[in-house]
Ligand SMILES: [Mg+2]
């Protein structure tokens, strides 16, 4: 079996979107003095889909959501020529070929996200070529089904947030992640607002269920140090990305100083990036995303590394490519889960582009044994609402 062609297409959403709301999630732009920009950098409404075809007619699907137009250009210009004519079973060799030949500029960020998309398509081919789901190639089922946590609860009106939490509590979820709306720029008023929102959600879900808190890099170390002692009484399961991804010492300091586990990794890349996070005890929960971190080839290795550190892996964003890693690793206790919503931040687009994503049932996800590969196909239902760029 040889790879015959690589096709990367940009799917740009031109349909209806949910308008951005102020302060609905703190983020890295909050520390600059142009707060009107912050929500626009948080939203992304396009995705790149990669289809790799083999000489025996198998088509593997991969995807990339980080700067997808740039990722497409990288795939077209740099990565496709490296894998065409090659045997997809040589996936480690192909990964190293892509990684090493783009090393000067591609080892982190969008370069690695582009490599991830190609690697995903390759693994989809491998599964399809032997008629097995990808998780079977990675070790198989380590759990009967995958526990998942409800992830959304953007900062809006507190009553609205409470209604949202109640709705998903009633659907059987036992773990919830909420977003902070405020960071250092909002001074003491923001501190109080942040605390009020956590209190409001705890009021609904009680203390028998898990609550995770998301900062999306919208704080700095000083602000995080002010917040953490005030948050301890709410018993969060973790506090996510309190500071920017590069401030590894900051993560380590926060992780050591308080009882709240610090999580991160959705903006970290490859085995080396996670080795650094783990060696420095910077995070107590690892949250790579397979379509950024280096694909399944890299994520599988990171799972093993995390297992050796006894640090749980709860991949970012849900989505099929991550579920296969969670199903097959004892290091990964559960998945993030976003139900399908109107197009708002952009991660919802996955549901609009692909068919096959499992839907949570009573707080659990199931992967099928009889669907080979990653289990995704391109959806036709919303095709006319995308501009597709070849
Ligand atoms: Mg996150």
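Does residue 385 meet the test of being farther than 22 Å from residue 177 by Cα, away from the ligand (no atom under 16 Å from the Cβ) and in contact (Cβ under 8 Å) with a residue 40 or more places away in the chain?
Yes, satisfied.
Mind checking which residues of region 247-271 are under 21 Å from residue 291 (Cβ atoms) and more than 16 Å from the ligand (Cβ to nearest atom)?
Those that are under 21 Å from residue 291 (Cβ atoms) and more than 16 Å from the ligand (Cβ to nearest atom): 270, 271.
I'm checking my understanding of the structure. Among residues of region 63-101 that are touching a helix residue (DSSP H, G or I) at 6+ places or on another chain (Cβ under 7 Å), in a loop (DSSP other than H, G, I, E, B) and touching a residue at least 60 places away in the same chain (Cβ under 8 Å), which one is surrounded by the fewest Cβ atoms within 10 Å (Cβ to Cβ)?
The selected residue is 89.
Only residues that are more than 16 Å from the ligand (Cβ to nearest atom) and within 20 Å of residue 23 (Cβ to Cβ): list them for region 223-246, please.
223, 226, 227, 230, 231, 234
Within region 35-46, is even one residue at pLDDT 85 or above, touching a strand residue (DSSP E or B) at 6+ places or on another chain (Cβ under 8 Å), surrounded by 15 or more Cβ atoms within 10 Å (Cβ to Cβ) and not in a loop (DSSP other than H, G, I, E, B)?
yes
Picking from 108, 143, 136, 159, which residue would you name as being away from the ligand (no atom under 16 Å from the Cβ) and either closer than 20 Å to residue 292 by Cα or surrounded by 23 or more Cβ atoms within 10 Å (Cβ to Cβ) (or both)?
108
The values are calculated or read from the model by the stated rules, or taken from the named source; none is laboratory data. Every value quoted in this text rests on a predicted model; they were computed, and no experiment measured them. Virtual Cβ from ideal backbone geometry, glycine too; neighbours counted across all protein chains shown.
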